[in-house]
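First up is the structure itself, then whatever we jot down about it.
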Amino acid sequence: MGKRYFCDYCDRSFQDNLHNRKKHLNGVQHLRAKRVWYDLFRDAAAILQEEQTKKPCRKFLQTGQCDFGSNCRFSHMTEQDLEKLSAQVQGEKRLKELQREGADIPPGTIEDWLDRRAQRLSAAQSSSALLEKPAPFQYPLGWPPVQELPPSLQAPPPGGWPVPPNLQWG
């Protein structure tokens with residue numbers, strides 16, 4: 001059977017030899033998939049600049065779909081998307097300027113995050129009329145009977161595992 005080469009960009013594998021690998025790596029499908037992958041990590045300013053130079057895609061604006069997808073040479077961003085992207089770029093520029101000037105930018109603390117999380121959870125609980133009890137533990141379907149499971153896969157007893165009196169860790 002021989003070795004197989006798996007391409008992470010294209011999510012496919014094939015027999016690994018010089019000819020097949022060279023053919024795949026220079027293929028249009030691989031190059032497009034690779035470009036799409038690296039576009040995920042592009043700077044917002046570069047994306048904004050590129051999208052502003054493109055004309056809007058008429059087919060996408062009319063139907064919400066385009067046959068060319070990410071390979072279309074026209075822009076699939078609406079005015080609102082461009083405004084959001086522009087605001088993000090401006091925010092990043094302001095942050096960089098503040099960092100260059102040496103201004104103290106307080107990092108988000110864990111306490112702030114916990115406060116926001118608690119507010120979100122309390123809002124979610126107050127909005128739901130019925131508070132659901134957590135479901136009792138159930139083994140996945142298709143597992144063998146509980147008696148045949150190893151101890152590491154068995155549910156703990158209601159009071160927890162008993163600790164032997166002369167147990168010493170070390």
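The values are calculated or read from the model by the stated rules, or taken from the named source; none is laboratory data. Quantities reported herein were computed from a predicted structural model and do not represent experimental measurements. Here Cβ is always computed from backbone atoms with ideal geometry, including for glycine, and neighbour counts include all displayed protein chains. For accessibility, only protein heavy atoms count, side chains too; no ligands or nucleic acids. Shrake-Rupley method; radii C 1.70, N 1.55, O 1.52, S 1.80 Å.
Comparing K23, K84, K54 in a Gaussian network model of the chain (Cα springs below 10 Å), the most mobile by mean-square fluctuation is K23. Of the residues L31, L48, L149, the one that moves most in a GNM of the chain with alpha-carbon contacts below 10 Å is L149.
For E97 and T53, what does the FRET efficiency come to when R0 = 30 Å and r is the distance between their Cβ atoms, rounded to the nearest 0.05? Walk me through the intermediate numbers first.
On the way: r = 25 Å, r/R0 = 0.84.
After rounding, the FRET efficiency stands at 0.75.
Extending 7 Å from Cα along the Cβ direction at W143 and again at D43 yields two label points whose distance is 5.1 nm.
Note on K34: lysines with a C-alpha under 28 Å away, same-chain residues under 8 apart excluded, are K3, K22, K23, K54, K55, K59, K84.
The stretch between N26 and A87 holds 18.2 nm of extra length on full extension. This uses 0.36 nm per residue minus the Cα-Cα distance.
Estimated translational diffusion coefficient (Stokes-Einstein, Kirkwood radius over Cα pairs, 4 °C, 1.567 mPa s) of the chain: 54 µm² per second. Helix 110-127 and the longest principal axis of the C-alpha atoms of the chain enclose an angle of approximately 80°.
Rank H24, S75, A46 by how far each Cα sits towards the positive end of the charge dipole of the chain (+1 on Lys, Arg Cβ; -1 on Asp, Glu Cβ) and give me just the farthest. Most positive-ward Cα: H24. For the chain, the cysteines with no partner cysteine C-beta closer than 4.7 Å are C57, C66, C72.
Note on the chain: with neighbouring protein chains present and a 1.4 Å probe, carbon and sulfur make up 55 percent of its accessible heavy-atom surface. Working note: Karplus 6.51/-1.76/1.60 with θ = phi - 60° gives region 143-151 the couplings 6, x, x, 4, 5, 8, 6, x, x Hz, where Gly and Pro are set to x.
Under a Cβ-only charge scheme (Lys and Arg +1, Asp and Glu -1), can you give me the dipole magnitude of the chain about the Cα centre, in debye to the nearest 20? Don't jump to the answer; show the numbers that get you there.
On the way: 24 positive and 20 negative charges, 216 e Å.
It works out to roughly 1040 debye.
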